[in-house]
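The values are calculated or read from the model by the stated rules, or taken from the named source; none is laboratory data. All values reported here derive from a predicted model rather than from experimental measurement. A quick note on method: Cβ atoms are made from the backbone with ideal geometry, for glycine too, and the neighbour counts reach across all protein chains shown. Side chains included, ligands, DNA and RNA excluded: accessible areas come from the protein's heavy atoms. Shrake-Rupley method; radii C 1.70, N 1.55, O 1.52, S 1.80 Å.
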Amino acid sequence: MIPDWLQQHTLFTGDLRILILASIAALCIGLSKSGLSGTATLNVVLMAQAFGAKASVGLVLPLLIVADFMGYFINRHGGSWRRIIPMAPPAILGVIAGYFLLGEIDNGTARMVIGWLIISLLGFKLLLDASQGALQVLTSHRLFAWAMGLCAGVTTMLANAAGPVMTVYLLSQRLEKKEHLGVFSRFFLFINLFKVPFSANLGIIHPQSLMTNLVLLPAVVLGILLGWQILKRIPQKPFEWTLFVMTLVAAVWLIIG
């Protein structure tokens with residue numbers, strides 16, 4: 001049974017299953033920020049089931065930002081801020097577009113759209129690999145970075161689900177694992193901080209949601225530390241395929257969930 005004071009000051013109800021679901025989701029946030037980005041979409045599904053799709057968007061954001069700072073510290077020696085510059089302007093536009101869309105469409109529709117988008121991007125990644133470099137020139141074009149940045153901005157504002165989009169983009173760039181993780185952590189630290197005023201204006205970040213964040217924060221920290229240890233033991237190729245499979249499973253779960 002959840003204590004009365006916790007029910008009064010947080011979004012938790014008397015249902016212990018909600019606390020369990022939210023704790024697993026918070027663990028997934030930590031795992032995703034350590035580099036296992038496919039788990040990011042799992043947290044979207046779990047949080048939406050625990051608190052409702054729209055409320056979960058605002059609830060998750062402060063947890064993501066704390067995890068982003070930790071992820072950046074862990075991966076600060078890999079990648080550079082310069083690598084996120086091509087995606088930053090379209091991502092900003094995507095966040096603004098997602099802000100207006102969030103008030104117009106329900107989150108069930110948003111999850112369907114994001115799920116199919118992710119599967120399409122994974123298919124594109126397989127096509128790139130099968131082409132043996134013939135299509136690689138597309139991924140170095142400015143329009144590709146703009147398209148991925150716009151997709152990342154929209155999906156992160158609608159459902160905090162841009163991790164798979166960024167994963168597909170970085171995998172297409174064929175970065176080494178250390179650089180991949182460094183660029184990934186920098187991009188989301190930037191874009192999630194940018195989203196705060198938009199989420200606050202929508203009323204989905206408030207005192208009760210912030211108190212709920214404090215309860216769930218230890219699970220986020222545990223997820224980061226656990227994910228960091230896992231990644232240190234995975235070579236480059238298994239690392240890429242692990243991300244691919246986890247992203248695919250998460251995308252399917254979004255669609256059917």
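Ligands, DNA and RNA left out, the 1.4 Å accessible surface of the stretch 213-257 is 79% carbon and sulfur atoms.
Where Lys and Arg each count +1 and Asp and Glu each count -1, what net charge lies around residue 68 among other residues with Cβ under 10 Å from its Cβ? Residues near residue 68 contribute +2 overall. Compute the distance in nm between two label points, each set 7 Å from the Cα along the Cα-to-Cβ direction, one at residue 112 and one at residue 147. Distance between label points: 2.4 nm. Sparse packing (at most 15 other Cβ atoms within 10 Å of the Cβ) combined with a DSSP loop state is found for none of the trypsin sites (Lys or Arg not before Pro) in the stretch 9-62. Surface composition of the stretch 20-173: carbon plus sulfur atoms hold 71% of the accessible area, using a 1.4 angstrom probe and ignoring ligands, DNA and RNA.
Among the listed values (1) 1.17; (2) 1.05; (3) 0.96, the one computed from these coordinates for Cα Rg over 2.2 N^0.38 Å is (3). Using only Cα atoms, tell me the angle between helix 207-231 and the longest principal axis of the chain; keep it within 0 to 90° and round to the nearest 10. Taking Cα atoms only, the helix is inclined about 40 degrees. Compute the helix-to-body angle for 236-256: its Cα long axis versus the longest principal axis of the chain, expressed 0 to 90° and rounded to tens. Taking the Cα atoms of the chain, the angle to 236-256 is about 50 degrees. Along the axis of the charge dipole computed for the chain (Cβ charges of +1 for Lys and Arg, -1 for Asp and Glu, origin at the Cα centre), the listed residues 59, 153, 180 are led at the positive end by 180. The residues of the stretch 1-90 expose, per residue, 40 Å² of accessible area to a 1.4 Å probe. Around the Cα centre of the chain, unit charges on the Cβ atoms of Lys, Arg, Asp and Glu (plus for the first two, minus for the last two) sum to a dipole of about 720 debye. Give the shape of the stretch 6-112 as rounded, prolate or oblate, defined through the alpha-carbon gyration tensor: a ≥ b ≥ c are the square roots of its eigenvalues, a/c under 1.5 means rounded, and otherwise the shape is prolate if a/b is larger than b/c and oblate if not. Note, shape of the stretch 6-112 comes out oblate.
Calculated mean residue ellipticity at 222 nm for the chain: -26500 deg cm²/dmol, from DSSP H runs with n ≥ 4 weighted as -39500 (n - 2.57), summed, divided by the residue count and rounded to 500.
Note that the stretch 176-257 presents 49 Å² accessible area per residue, ligands and nucleic acids not counted, probe 1.4 Å. Here the dipole of the stretch 127-257 is about 220 debye; that uses its Cα centre as origin and unit charges on the Cβ of Lys and Arg (positive) and Asp and Glu (negative).
A full extension of the chain between residue 126 and residue 81 corresponds to an added length of 13.4 nm, given 0.36 nm per residue minus the alpha carbon distance.
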